[in-house]
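Trainee: I'd like to ask some things about the structure below.
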Amino acid sequence: MAFCMDDYARSAAPVRTDDLDFTAFGTRPLSAAGLRCLRYMCDVENHTVCYLRDLLVTPSHTDPEVTAFLTMWNYEEYWHGEALADVLAAHGAGRGDDHIREIRRAQGWRDRVAPIKQALLAQAIGEDFVAVHMTWGAINEWCTHAGYARLIEREGHPVLTEMLERIMRQETRHVAFYVGQARARLAASRRARRLTRFALRRYWRPVGSGVMAPDETRHLLSYLLAGRGGERTAASIDARIDRLPGLEGLGLIGRATGGLTDAAGSPTRLVPDADADADAA
């Protein structure tokens, strides 16, 4: 079924949390490892507006359907961050404006020049950059959706489960838009397929790894994607990427998670690394 932008624009809304009993976390808190993952997720959701800033200086801003989606996407992502912050606050680990401001300031000069760098690169590429953007977004949304599902599975907390399932229903619509756009744009342009494959293979990293400290990213991946459940999740995402035109065999998630250890400290090989030479566009 085709994505209907008008329906989405009219129905985009904050994820509902006012009927959830956050006091339940007082008697049954999340594990320390799970709470650490939630802090990561909250910080990344709160950084979404900075990603949007960088995208609006690229050719993506000329497409009215894309900009309409990005407006609603950013709106819903803001409220996802707020919902996660409510869970943290229930554990006495609130994330206020000062924390968000510090996260952004900590990005330093690279963050300040990022919009300029992205604008110059994207303008040089032209319209095919939108295919890169849409594909990148699809992969990140698949990863985010899967991350929430794995946190539900690992924590088994009824209130957290209900809240994350509500967020995931909104993320499912985000996935639908990005994937539809990516598939159509990749199928229409050989150059877009080559550029997208090159950009992903060279530059893609796990969601949030450009914002969060490396040890925080590794903790998130280890807690959510090590072990058999994580192996299945990682392989599933890579299989979805394989089905996009021109992107078969990249093994992005397998590479990002290769060498993780499970809870018992045993090494986990999620997806065998592909031969780099075989990934030539």
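The values are calculated or read from the model by the stated rules, or taken from the named source; none is laboratory data. The structure displayed is predicted, hence computed values, not measured ones. Using ideal geometry, Cβ is built from the backbone for each residue, glycine included, and neighbour counts are taken over all protein chains shown. With ligands, DNA and RNA removed, areas are computed over all heavy atoms of the protein, side chains included. Shrake-Rupley method; radii C 1.70, N 1.55, O 1.52, S 1.80 Å.
Trainee: Determine the distance separating the Cα centre of the range 119-163 from the Cα centre of the range 1-54; give it in Å without decimals.
Mentor: If you average the Cα positions of each part, the centres end up 13 Å apart.
Trainee: For the chain, find the longest principal axis of its Cα atoms and tell me its angle to the long axis of helix 108-125, 0 to 90°, nearest 10.
Mentor: Around 30 degrees separate the two axes.
Trainee: What residues from the range 176-197 fall in the zone where the backbone N is under 16 Å from a label point 7 Å along the Cα-to-C-beta line of E65?
Mentor: 176-189
Trainee: So how do 207-215, 54-62, 81-89 stack up, highest first, on mean other-Cβ count within 10 Å?
Mentor: 81-89, 54-62, 207-215
Trainee: Rounded to the nearest 0.05, what FRET efficiency do S31 and A9 have when you use their Cβ-Cβ distance and R0 = 45 Å?
Mentor: 0.70
Trainee: Shape verdict for the range 130-196, please, from the Cα gyration tensor: rounded (a/c under 1.5), prolate (a/b greater than b/c) or oblate.
Mentor: prolate
Trainee: How much of the accessible area of the chain, probe 1.4 Å, is carbon plus sulfur, in whole percent?
Mentor: Exposed carbon and sulfur together represent 54 percent of the surface.
Trainee: Would you please put 229-239, 24-34 in order of how densely packed they are, using the mean number of other Cβ atoms within 10 angstrom per residue and starting with the highest?
Mentor: Details: 229-239: 18.9, 24-34: 14.2.
In decreasing order of mean packing, 229-239, 24-34 become 229-239, 24-34.
Trainee: Leaving out ligands and nucleic acids, note down the accessible area per residue over the range 11-100 with a 1.4 angstrom probe, in whole Å².
Mentor: 43 Å²
Trainee: Grab the Cα-Cα distance for F22 and R243, subtract it from 0.36 nm times how many residues apart they are, and report the gain in nm with one decimal.
Mentor: Taking F22 through R243 to full extension adds about 75.6 nm, to one decimal.
Trainee: Summing -39500 (n - 2.57) over the DSSP H runs of n ≥ 4 in the chain and dividing by its residue number, what mean residue ellipticity at 222 nm do you reach, to the nearest 500 deg cm²/dmol?
Mentor: Details: 13 runs with 194 residues, N = 281.
Estimated from H runs of four or more residues: -22500 deg cm²/dmol.
Trainee: Between L121, M134, V87, whose Cα lies farthest towards the positive end of the dipole of the range 64-183 when Lys and Arg beta carbons carry +1 and Asp and Glu beta carbons carry -1, centred on the Cα centre?
Mentor: Result: L121.
Trainee: With θ set to phi - 60° and the Karplus curve 6.51 cos²θ - 1.76 cosθ + 1.60, what are the ³J(HN,Hα) couplings of the range 206-218 in order, to the nearest whole Hz, using x for Gly and Pro?
Mentor: Each residue's phi maps through the Karplus curve to give x, 3, x, 5, x, 10, 8, 5, x, 5, 6, 5, 5 Hz.
Trainee: Further, regarding this structure: Run the numbers on the chain and let me know its relative contact order in percent, using alpha-carbon pairs under 8 Å that are six or more apart.
Mentor: This gives 20 percent for the chain.
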